[in-house]
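Structure first, then comments.
The values are calculated or read from the model by the stated rules, or taken from the named source; none is laboratory data. Nothing here was measured: the structure is a model prediction, and the numbers come from that model. Glycine also receives a Cβ, built like all others from the backbone with ideal geometry; neighbour counts cover every protein chain displayed. Heads up: the accessible areas ignore ligands, DNA and RNA and are worked out on the full protein's heavy atoms, side chains in. Shrake-Rupley method; radii C 1.70, N 1.55, O 1.52, S 1.80 Å.
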Amino acid sequence: MAIIESVRWSPAGDAVRIIDQTQLPGRLVERDLRSIDDVCEAIGRLAVRGAPAIGIAGAMGLVTALIPSARESRAVFEGTLRAYAARIRATRPTAVNLPRALDRMLACAAEVGGSASNVLAALRAEATALLEEDRAMCRRIGENALPLISDGASVLTHCNAGALATGGIGTALAPIYLAHEAGRRVRVFVDETRPLLQGSRLTAWELSRAGIPVTVIADGAAASLMRAGAVDLCIVGADRIAANGDVANKVGTYAAALAAQHHGLPFYVAAPTSTLDPSLPNGDAIPIERRSGDELACLGAVRLTPPAADIDNPAFDVTPAEMVTAIVTDVGVFRRPFDFSGGRGDRGDRGNVASITSTTSITSTS
Ligand code: MRU
């Protein structure tokens, strides 16, 4: 499989090099982010997107934005670090990976002694570790979810939880890549994912590039496709999973889960342990990002709605835990009733989630 690196260091290490996802599928363009404005704009505009990828880009972007401050005193540097971390944190509220990555960067800085440049070097190593850990977690999710994808399977997914959204081979798409690599025949149906079309623009792009058969459907077509017997299972990613297993993911996920439940189809969520947020008891506490109405009302320069109509554009919804068949993580497969408190899931053998479940609450912007 040709590697897609959605986020990486530039060769000189002075910038975060991202694939500008707003340009896909038309053009594969990379952009170098250096300043705090570059980083916040790219995350806010979804040039880099997907829960794990924004955590990584936020951490790496913090480093590159701080490069000019490495000549300052430690106190000045730390003031700038806190201000920049707060700005990056405020860009997108729903995915917990972003505040978690930033908290980890702040904790790293607090542990390092010496000059500002010492701290910067430690922060660079921490951000690199985040990227590498995410890559490894994606592969483990893929391995843990691989038994779900049998030869000839038809899978429905929503949004993009693939390589573009992570530092590795994705979450929901990871088992699909591994099944394809293993010679299993897989067909993917992907909801176009209104309004920003992460399904038709991004998932269809990366799967077809890998030679995996993919069919784009309108979001509203999923239910009748299931009724027709064309779907064997659904698998989606997540932006934040509450302690009880409620799952926030791209708006429209809940509707897909409802349709799957009605048709007796399994509905799986694939996510790294960095997406679990045990500080929130259930999905009602998950902050849901509301984005500009123009994303819904306009197609390029063309206005699709009358000016007098109000627009409501929540970017995410919450799928109740009782509708989720299983949550596949890097440490194993969790089934209802979900309990992440130190468990490993039923196929996990590479660590546990105790460190995550014991974290204090994640600082939220809302
Ligand atoms: O608004 P986006 O495109 O960042 O939303 C992305 C999603 O909802 C993904 O499904 C989720 O982040 C999981 S990515 C592995």
Q: Return yes when residue 279 is within 16 Å of the ligand (Cβ to nearest atom), over 23 Å from residue 195 (Cα atoms) and either part of a loop (DSSP other than H, G, I, E, B) or open to solvent by 20 Å² or more (accessible area, probe 1.4 Å) (or both) and no when it is not.
A: no
Q) Does the stretch 145-152 contain any residue that is within 16 Å of the ligand (Cβ to nearest atom), part of a helix (DSSP H, G or I) and among the hydrophobic types (A, V, I, L, M, F, W, C)? A) yes
Q. Within the set of pairs 6+ apart or on separate chains, which have a first residue in the stretch 294-306 that is within 14 Å of residue 196 (Cα to Cα) and in a helix (DSSP H, G or I), a second that is modelled with pLDDT of 95 or more and hydroxyl-bearing (Ser, Thr, Tyr), and C-beta atoms under 8 Å apart?
A. 296/305; 297/305
Q | Restricting the stretch 235-271 to residues that are assigned to a loop (DSSP other than H, G, I, E, B) and within 24 Å of residue 291 (Cβ to Cβ), the residue that is nearest to the ligand (Cβ to nearest atom) | A | 237
(Q) For a quick check of your reading of the model, give me the residue pairs whose first member lies in the stretch 37-57 and is in contact (Cβ under 8 Å) with a residue 60 or more places away in the chain and closer than 14 Å to residue 127 by Cβ, whose second is away from the ligand (no atom under 11 Å from the Cβ) and open to solvent by 10 Å² or more (accessible area, probe 1.4 Å), with beta-carbon atoms closer than 6 Å and at least 6 apart or on different chains. (A) 56/130; 56/131
Q: Determine whether the stretch 93-109 contains at least one residue that is away from the ligand (no atom under 13 Å from the Cβ) and of a type in the set (Val, Ile, Thr).
A: no
Q. Here are some residues: 113, 152, 168, 142. Which one is among the small types (Gly, Ala, Ser) and at positive phi?
A. 152
Q. Looking at the stretch 3-23, is at least one residue under 18 Å from the mean Cα position of the chain (by Cα) and over 20 Å from residue 131 (Cβ atoms)?
A. yes
Q. Which residues, counting only those in the stretch 25-60, are open to solvent by less than 10 Å² (accessible area, probe 1.4 Å) and β-branched (Val, Ile, Thr)?
A. 39, 43, 48, 54, 56
Q) Which pairs have Cβ atoms under 7 Å, sit 6 or more apart or on different chains, and link a residue in the stretch 92-108 that is at pLDDT below 95 to one that is within 13 Å of the ligand (Cβ to nearest atom) and of a type in the set (Ser, Thr, Tyr)? A) none
Q) Applying the selection to the stretch 163-214, what residues are away from the ligand (no atom under 13 Å from the Cβ), outside any loop (DSSP other than H, G, I, E, B) and either open to solvent by 20 Å² or more (accessible area, probe 1.4 Å) or modelled with pLDDT under 95 (or both)? A) 180, 181, 187, 189, 205, 208, 209, 214
Q: Take the stretch 9-23 and flag every residue that is touching an Asp or Glu at 6+ places or on another chain (Cβ under 9 Å) and not acidic (Asp, Glu).
A: 10, 15, 16, 17, 18, 19
Q. When residue 226 is evaluated against the numbered criteria (1) crowded, with 20+ Cβ neighbours inside 10 Å; (2) within 16 Å of the ligand (Cβ to nearest atom); (3) more than 25 Å from residue 168 (Cβ to Cβ), which criterion, by number, is the only one it fails?
A. (2)
Q: Among what's in the stretch 177-204 and is touching a helix residue (DSSP H, G or I) at 6+ places or on another chain (Cβ under 7 Å) and of a type in the set (Val, Ile, Thr), pick the residue that is farthest from residue 252 (Cα to Cα).
A: 186
